[in-house]
Amino acid sequence: MSLKAIKWLLYYYTSLLFIGIIITICALLYDSIVLPINVSFTMVSLLGGIGTALIGSTIFYLRKLYKSCINNEMSNPISDEDKIRELGINAYYYLRPLFAIAFSILIHIALKSSVQIITVKETRLDDGFIYITMFVSFFAGFAAGDLITYIESNGFKWASKPFKD
């Protein structure tokens, strides 16, 4: 990767880290913050999960990026093949935080649906729901690459299971 591309990635991840921290702090202090609009409990949980997923993802990939630089594993693209490889590396790094956000949303859906399945009537969730969503989302963001690999290798088995005899 070119030095300019590496600098942009460092700026991108540092910015996302601060955004994640701000979103997380706002979610943790949601009952103390006076907003001009009414924010639902579900929205706080969802945003808190997104914030912690961003924190987890940016910590993991910032570390991966600076270790690659320290170990001199990055090289300036010279040939067309190197430029195509750089494009793939850029996509890899720029899309991972978005994958982390997507996993956080799926975690929110899974946790909320698991509560809805076991209750007969509408239930009011407690603060613990926000915290568990944020906690699990952090690890989903941190391990987004491993989750993608796991889903790739097992997703078809899960999807086809209901249709088997």
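All of the numbers you see were taken from the coordinates with simple rules; none came from a lab. Since this is a predicted model, take the numbers as computed values, not measurements. Neighbour counts run over all protein chains shown; Cβ positions are idealised from the backbone, glycine included.
At a 10 Å Cβ-Cβ cut-off, how would you order PHE139, PHE156, PHE18, fewest neighbours first?
Listing PHE139, PHE156, PHE18 from fewest to most nearby Cβ atoms yields PHE156, PHE18, PHE139.
Dividing the Cα radius of gyration by the Kirkwood radius, what Rg/Rh value follows for region 3-163?
Ratio of gyration radius to Kirkwood radius for region 3-163: 1.07.
So how strong a dipole does region 3-163 carry about its Cα centre when Lys and Arg Cβ are +1 and Asp and Glu Cβ are -1, to the nearest 20 debye?
In total the dipole reaches around 80 debye.
Do any GluC sites (Glu not before Pro) in region 59-105 lie in a loop, going by DSSP, with at most 12 other beta-carbon atoms within 10 Å of their beta carbon, and if so which?
GLU73
Give me the extension gain from ILE151 to PHE135: residue separation times 0.36 nm, minus the current Cα-Cα distance, reported in nm with one decimal.
Length gained, ILE151 through PHE135: 3.7 nm.
Run the quick spin-label model on TYR92 and MET43: label points 7 Å from Cα toward the beta carbon, then report their separation in nm to one decimal.
With each label placed 7 Å out from Cα toward Cβ, I get 3.9 nm.
Ranked from highest to lowest mean number of other Cβ atoms within 10 Å per residue, what is the order of the peptides 58-67, 100-109?
Peptide ranking by packing, descending: 100-109, 58-67.
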